[in-house]
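The values are calculated or read from the model by the stated rules, or taken from the named source; none is laboratory data. In this text, all values refer to a predicted model and were calculated from it rather than measured experimentally. Note: ideal-geometry Cβ built from the backbone for every residue, glycine included; neighbour counts use all protein chains shown. Side chains are part of the model used for accessible areas, which takes the heavy atoms of the whole protein and leaves out ligands, DNA and RNA. Shrake-Rupley method; radii C 1.70, N 1.55, O 1.52, S 1.80 Å.
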Amino acid sequence: SLLKLNSFIEEMNNFFRNEKLALQREKVSIPALINEEIQDLKNLYHADKVRIEVKVDEVSDFFSDLMRVKTVVTNILTNAIKYADPGKTDPFIKVVAKVGAEFCEVAISDNGIGIDTEHLEKIFDLFHRATSVSNGTGIGLFIVKDTIERLHGTIEVQSEIGVGTTFRIHIPNQLY
């Protein structure tokens, strides 16, 4: 209970910090950011049982708010690890990113437990939890949606129970 409460407080603190800070414009290395977050999460969640593939096509430098982009990637990768399907013989997460002069597009797919169709419209709502399989607080995807909107981006999700989930993130490049 204390760990869950601590996690909730930390997430709320991050949300309100995000709320107050002005958008930053800095060069963001998407390959470095993704690889760093994967390493951190492997240590934190013992994710060595989930195969993680990363493919990044960088045709341009990418400028955005590093802290906010990191928040989005971390939350979605964390969920992909937490909601992996232990019954599958080859649990995986695939991260495919394309960085162009206008946009950075990131797709994070997994073959985890999936999200029931009735919950898909609500997963970005504050405190909504689509499953009781994990100890989530129901604030992570709310923060993701809010953060992406602050970056003037979009997020889409496709999911099927027992098959897996794909999040597609589209963030404008502040190159100029």
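What number of residues in the range 59-69 are open to solvent by 70 Å² or more (accessible area, probe 1.4 Å) and aromatic (F, W, Y)?
Here the count works out to 0.
Among what's in the range 97-114 and is touching an Asp or Glu at 6+ places or on another chain (Cβ under 8 Å) and of a type outside the set (G, A, S), pick the residue that is nearest to V56 (Cα to Cα).
Per the criteria, the residue is K98.
Can you tell me which residues in the range 80-105 are closer than 14 Å to I38 by Cβ and open to solvent by less than 40 Å² (accessible area, probe 1.4 Å)?
A80, I81, A84, I93, V95, A97
Examine the range 85-100 for a residue that is in contact (Cβ under 8 Å) with a residue 60 or more places away in the chain and closer than 14 Å to T165 by Cβ, and state whether such a residue exists.
yes
Is at least one residue of the range 87-94 in contact with a strand residue (DSSP E or B) (Cβ under 7 Å, 6 or more places away or on another chain) and under 22 Å from F142 (Cβ atoms)?
Looking through the range 87-94, at least one residue is in contact with a strand residue (DSSP E or B) (Cβ under 7 Å, 6 or more places away or on another chain) and under 22 Å from F142 (Cβ atoms).
Against the definition (closer than 16 Å to I161 by Cα and in contact (Cβ under 8 Å) with a residue 60 or more places away in the chain), how does D61 come out, yes or no?
no
May I ask you to verify whether V56 is open to solvent by 40 Å² or more (accessible area, probe 1.4 Å) and touching a strand residue (DSSP E or B) at 6+ places or on another chain (Cβ under 6 Å)?
For V56, the condition - open to solvent by 40 Å² or more (accessible area, probe 1.4 Å) and touching a strand residue (DSSP E or B) at 6+ places or on another chain (Cβ under 6 Å) - is met.
If you scan the range 27-51, which residues turn out to be open to solvent by 70 Å² or more (accessible area, probe 1.4 Å) and either modelled with pLDDT of 85 or more or not in a loop (DSSP other than H, G, I, E, B) (or both)?
K27, N35, E36, Q39, D40, K42, N43, L44, Y45, D48, K49, R51
Looking at the range 64-105 only, could you name the residues that are in a loop (DSSP other than H, G, I, E, B) and under 19 Å from Q158 (Cα atoms)?
Y83, A84, D85, P91, listed by residue number.
Under the condition of being more than 22 Å from V95 (Cα to Cα), open to solvent by 50 Å² or more (accessible area, probe 1.4 Å) and more than 16 Å from the chain's Cα centre (by Cα), which residue from the range 127-173 is modelled with the lowest pLDDT?
Among residues in the range 127-173 that are more than 22 Å from V95 (Cα to Cα), open to solvent by 50 Å² or more (accessible area, probe 1.4 Å) and more than 16 Å from the chain's Cα centre (by Cα), the one modelled with the lowest pLDDT is S132.
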